[in-house]
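Worksheet: the structure to be examined is printed underneath.
The values are calculated or read from the model by the stated rules, or taken from the named source; none is laboratory data. Just so you know, these numbers come straight off a predicted model, no measurement behind them. Cβ sites come from the backbone with ideal geometry, for glycine too, and all protein chains shown count toward neighbours. Heads up: the accessible areas ignore ligands, DNA and RNA and are worked out on the full protein's heavy atoms, side chains in. Shrake-Rupley method; radii C 1.70, N 1.55, O 1.52, S 1.80 Å.
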Amino acid sequence: MPCTVTVGGFYGDEGKGKILAYLSIKDSPSLAVRGGVGANAGHTFVRNHVQYKVRMLPSAILNKSTKLLIGAGVLLTPRILFDEIKKYSTFERTLVDRQCGIIEEHHIRQDVESEHLKQTVGTTGTGTGPANSDRALRKLKLARDMPDLEPFLDDISKTVNDAIDQKSRVLVEGTQGTYLSLYHGGYPYVTSKDVTASGICSDVGLGPKKVDNVLVVFKSFVTRVGGGPLQNEVSPSEAIERGWTEYGSVTGRLRRSSYFNMDLARRAVNLNSATELAVTKMDVLFPSCVGKREYSKLPTVAKNFIQEIEGETGVPVVLIGTGEDVFDIIDRRSSDN
Ligand code: IMP
Ligand code: MG
């Protein structure tokens, strides 16, 4: 399938980074293009005991033949982008859209100093909300205004559309998660843009008919950072007992957690028109899944859980995360594995 869009089905931190890193190696797309808000997202994954973390570049960094693109809807924090380009040596294969917005220091200050944003919404403090606000007011600087971004500038929509027309594989990377969408999440405890599949495609400049697959990523339990309701939230001590404690990869804040929520999953399938699903961290819910790479080797309880998700949503679970490494995964796409 030439074009797959991947988005989070809950509140972000579903493990999209790992799924994207896997797909980039396994499917070797010619382009990986990032949509979403900006450096408020952190995608972390582990390959051969080395941890990788990106906040600006697509998670496809490990495949050197994949070009790394950032769509016009995404906000750039130039300092973070340059650090990642240098760290992962991607100078030759990184392109950003001329119309990406630019986050400046004053946006970050505004985000951190605003009582409403910091205390009530519980933002990541990365300046994304204030920058998108300036963009709506049509006073935000764009990538084309920044001489040091010149070597990377491109018309990302054209590059992506041309690649799809030539039947090249394109992996579109969403960030955050469905219920952090400005439009469809639990306002005001949301991020500053729509981050459902349609929003991510719009960030990149991709019309709805160009997309073949919409892969929605769930985790085997739900986590949330920042403010806002979380149904069936468990206490911090229960979270520790269950191994659900996680810390935000951008902010280091303790993530709140709850049981897998089928109502949220069904709604996410609709909001994103999911064609396939991934479920990550199955080894956390069912420890005997750890490291398994074949569906037949999963314990019955785990298979039942996957079948319940498929039955309730009507969408196949094609990727199942079973451990920390990018390749600790069950890939059911091309076999009855
Ligand atoms: P902002 O996006 O920094 O404005 O934060 C708004 C809300 O979205 C806060 O609850 C954040 O914790 C949450 N948020 C933003 N980006 C992410 C993410 O990538 N993962 C998880 N939560 C996020
Ligand atoms: Mg994250």
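Just a few scattered comments:
- Counting only protein heavy atoms and a 1.4 Å probe, region 231-273 has 55 square angstrom of accessible area per residue.
- Region 6-37 versus region 73-133: alpha-carbon centroid distance in Å: 19
- Legend: residue pairs 67/219; 26/219; 16/67, Cα-Cα distance threshold 24 Å; pairs beyond threshold, 67/219.
- Candidate aspartates and glutamates for bridging to residue 193, where Cα separation is under 16 Å - those fewer than 8 sequence places away on the same chain excluded: 111, 134, 173, 203
- Kirkwood estimate for the chain, i.e. one over the average of 1/r between Cα atoms, Å: 19.8
- Hits among aspartates and glutamates - C-alpha to C-alpha of residue 87 under 18 Å, sequence gap 8 or more where chains match: 148
- The order of the peptides 151-159, 273-281 by mean Cβ neighbours within 10 Å, most packed first, is 273-281, 151-159.
- Eligible aspartates and glutamates near residue 64 by straight Cα distance, threshold 12 Å, same-chain separation 8 or greater: 92
- Here the accessible area of region 68-203 is 50 percent carbon and sulfur, with a 1.4 angstrom probe and all protein chains present.
- Evaluated over region 147-225, the Cα radius of gyration and Dmax, each in Å: 15.1, 44
- Within the chain, helix-based [θ] at 222 nm, where runs of 4 or more DSSP H residues each add -39,500 (n - 2.57), nearest 500: -8000 deg cm²/dmol
- Exposure check, 1.4 Å probe, all protein chains in place: residue 331 carries approximately 20 Å² of accessible surface.
- Each residue of region 21-28 was assigned a 3J(HN,Hα) from its phi angle through the Karplus expression (A = 6.51, B = -1.76, C = 1.60, θ = phi - 60°), giving 4, 4, 4, 5, 7, 5, 9, 6 Hz with x at Gly and Pro.
- Cα gyration tensor shape of region 241-337, rounded if a/c is under 1.5, else prolate or oblate by comparing a/b with b/c: oblate
- Rotationally averaged projected area of region 1-152 (alpha carbon convex hull; nm²): 9.7
- Fraction of beta bridges assigned by DSSP in the chain that are antiparallel (%, nearest 5): 30
- Accessible area of residue 262 in the full protein assembly, 1.4 Å probe (Å², nearest 10): 30
- With θ taken as phi - 60° and the Karplus curve 6.51 cos²θ - 1.76 cosθ + 1.60 applied, the whole-hertz 3J(HN,Hα) list for region 44-53 is 10, 8, 10, 10, 6, 6, 9, 8, 10, 9 Hz, x standing for glycine and proline.
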